[in-house]
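Heads up, the thing below is written out as structure tokens.
The values are calculated or read from the model by the stated rules, or taken from the named source; none is laboratory data. Please read these numbers as outputs of a predicted model, since none were measured by experiment. Reconstructed Cβ throughout: ideal geometry from the backbone, glycine too, with neighbour counts over all protein chains shown. Side chains included, ligands, DNA and RNA excluded: accessible areas come from the protein's heavy atoms. Shrake-Rupley method; radii C 1.70, N 1.55, O 1.52, S 1.80 Å.
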Amino acid sequence: MGVPVVALRGKRSVARASEAILTVVGAPHLVAADADAYVSIVKALAADRKALDDSHGKLRAMTENSPICDCRQFARDTMRLYRRMWRTWCSERPASAA
């Protein structure tokens, strides 16, 4: 959580997950739109030691304070989604099925 990771935007689930995580934790600048942008981001990180050192201290806190690490909110959102799906399923059933 303290080392910057650069993601390459793509169609595969791992690329989409990486982009989503970086965006949610507040680091969308580490998502590259294409291979050239990926190399540019990595080079910029490697060339700026101060920024790299700063990110080591900030990334863990950014991750810990993001929705990704908010287990209670995740559970509430998941239960809300399950309730909505259940109500939708029930509303689509014929009255005689109940």
**Asked** Which residue fluctuates the most in the chain, going by a Gaussian network model with Cα springs under 10 Å, if the choices are Leu30, Leu81, Leu59?
**Response** Leu81
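Using a 1.4 angstrom probe on heavy atoms only, work out the carbon and sulfur share of the accessible area of the chain in %. Before the final figure, lay out each step's value.
Details: 4550 of 7570 Å².
For the chain, the apolar C and S fraction of the accessible surface comes to 60 percent.
Between Val14 and Cys90, how high is the FRET efficiency from 1/(1 + (r/R0)^6) when r is the Cβ-Cβ distance and R₀ = 35 Å? Nearest 0.05.
Numbers: r = 36 Å, r/R0 = 1.03.
The value I calculate is 0.45.
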**Request:** Counting residues in the range 31-80 as N, plug N into 2.2 N^0.38 Å and put the Cα Rg over that result.
**Result:** 1.64
**Derived scalar couplings ³J(HN,Hα) [the range 10-21; Karplus, 6.51 cos²θ - 1.76 cosθ + 1.60; whole Hz; x for Gly, Pro]** = x, 8, 6, 4, 5, 5, 5, 5, 4, 4, 4, 4
**Complete:** Straight-line reach check, Lys11, cutoff 25 Å on alpha carbons, 8 or more apart in-chain or any other chain, hits among lysines -> Lys43
**Prompt:** Could you give the dipole magnitude of the range 1-72 about its Cα centre, charging the beta-carbon of Lys and Arg +1 and that of Asp and Glu -1, in debye to the nearest 20?
**Reply:** 160 debye
**Fill in**
hull vol. (C-alpha, convex hull) per residue for the chain, Å³ -> 109 Å³
**Message:** Could you work out how much longer the chain between Ala33 and Ser66 gets when fully extended? Use 0.36 nm per residue separation minus the Cα distance between them, nm to one decimal.
**Reply:** 9.6 nm
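If Lys and Arg each add +1 and Asp and Glu each add -1, what is the summed charge of the other residues whose beta carbon sits under 12 Å from the beta carbon of Ala32? List each step's numbers first, then the result.
Values: positive: Arg9, Lys43; negative: Glu19, Asp34, Asp36.
Computed value for this residue: -1.
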**Centre separation in Å (Cα based) which lies between the range 1-26 and the range 35-53** = 16 Å
**Prompt:** Using modelled backbone amide H atoms (1.01 Å from N, in-plane), which distant-in-sequence or interchain residues come within less than 5 Å of Ala7's amide H?
**Reply:** Val31, Ala32
**Request:** Give me the angle, in degrees from 0 to 90, between the Cα long axis of helix 71-91 and the longest principal axis of the Cα atoms of the chain, rounded to the nearest 10.
**Result:** 40 degrees
**Message:** I need the P(r) histogram for the range 53-98: all alpha carbon pairs, bin width 5 Å from 0 out to the longest distance, whole percents.
**Reply:** 5, 18, 13, 12, 10, 10, 8, 7, 5, 4, 3, 2, 1, 0
**Message:** Between 0 and 90 degrees, rounded to the nearest ten: what's the tilt of helix 49-64 against the longest Cα principal axis of the chain?
**Reply:** 20 degrees
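Compute the accessible area per residue over the range 35-96, keeping the other protein chains in place, probe 1.4 Å, unit Å². Walk me through the numbers on the way to the answer.
Working: 5260 Å² over 62 residues.
That works out to 85 Å² for each residue.
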